[in-house]
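The block underneath contains the structure these notes are about, expressed in structure tokens.
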Amino acid sequence: MKIVIKIVLCFLLMITSQTAFSQAAILAAIFGDKVASEKFNLSLELGVPFNNFSNIENLSSNSGINFGIAGNVKLSENWYISPTAYFLSKRTAKLESFTLNTNDSNLNALYQNVSADLLVKYIDVNAFVYYQFNNSGFRIGAAPQISFRQNASITYKGELGDFTQDVKPQINKTNYGALFNLGYYFKTGNKGKGLMLNLRYYQGFTDVFEDALFSGNNKSNYFSIHISLPFITEELAKKNLEETP
């Protein structure tokens, strides 16, 4: 189990932005164990979403990355809330056939009906409400989420090489949606500090793209494999290990 966890974490960290990772790691290192208690702790959040956008022809889903930090508050024996900020949220997709549209007709002629990669970067903010089943380790939850667009681009694959077009002005500034979660808490993971493995589904409620780029109502959605790494005190970690059968 430990080897699997290390492999997954190494994979996620390699593909995560170093700047975003550093910011969250510094916050966790400064405030993590020091503010931890049985009622509250911080956690690092890492996920791989498999993204899609509705009503776009010749589009196939592709994997992205989510990375951030969460606050976890225990309300009662079964109920928790978890406000989360993903400093880095990449949503990607592949376009099997797409045509470049710029003011340069000669450049456009080089990228007619070619494959292309779509990338949209967000900062995501959500607030999960969880219900944890007694003594089972399983929990379910849901959260509203708002996403703030940062950057966006389309990379066209041509015979003479790739061309990347900035499409940030053609992406709506905010995106609203809901997240649904099924998770399992491994108390013995992370040396008794615990590890939460989650399966998530996100459904956006608003149009992502301006009609000049993609017509119609193009909503974002994804499935995600997600890991939460809590920062708790050594005393609580020891208690977790003692309570585990």
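Numbers at a glance
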item	result
Filtered residues of segment 40-59 (kept if open to solvent by 20 Å² or more (accessible area, probe 1.4 Å), in a strand (DSSP E or B) and either touching a Lys or Arg at 6+ places or on another chain (Cβ under 7 Å) or free of Cβ contacts under 8 Å to residues at least 60 places away in the same chain (or both))	40, 59
Close pairs (6 angstrom Cβ cut-off, 6 or more residues apart or separate chains): within 16 Å of residue 216 (Cβ to Cβ) in segment 160-172, of a type in the set (S, T, N, Q) anywhere	none
Conditions (1) modelled with pLDDT under 90; (2) in a strand (DSSP E or B): number failed by residue 84	(1)
Failed condition for residue 66, given (1) more than 18 Å from residue 154 (Cβ to Cβ); (2) under 15 Å from the mean Cα position of the chain (by Cα); (3) open to solvent by 40 Å² or more (accessible area, probe 1.4 Å)	(3)
Check on residue 144, part of a strand (DSSP E or B) and of a type outside the set (Asp, Glu)	yes
Total residues in segment 133-159, condition polar (S, T, N, Q), open to solvent by less than 30 Å² (accessible area, probe 1.4 Å) and touching a residue at least 40 places away in the same chain (Cβ under 8 Å)	2
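The values are calculated or read from the model by the stated rules, or taken from the named source; none is laboratory data. Not measured: the values here are computed from a predicted model. Reconstructed Cβ throughout: ideal geometry from the backbone, glycine too, with neighbour counts over all protein chains shown. Quick note on the areas: whole protein, heavy atoms, side chains included, nothing else; ligands and nucleic acids left out. Shrake-Rupley method; radii C 1.70, N 1.55, O 1.52, S 1.80 Å.
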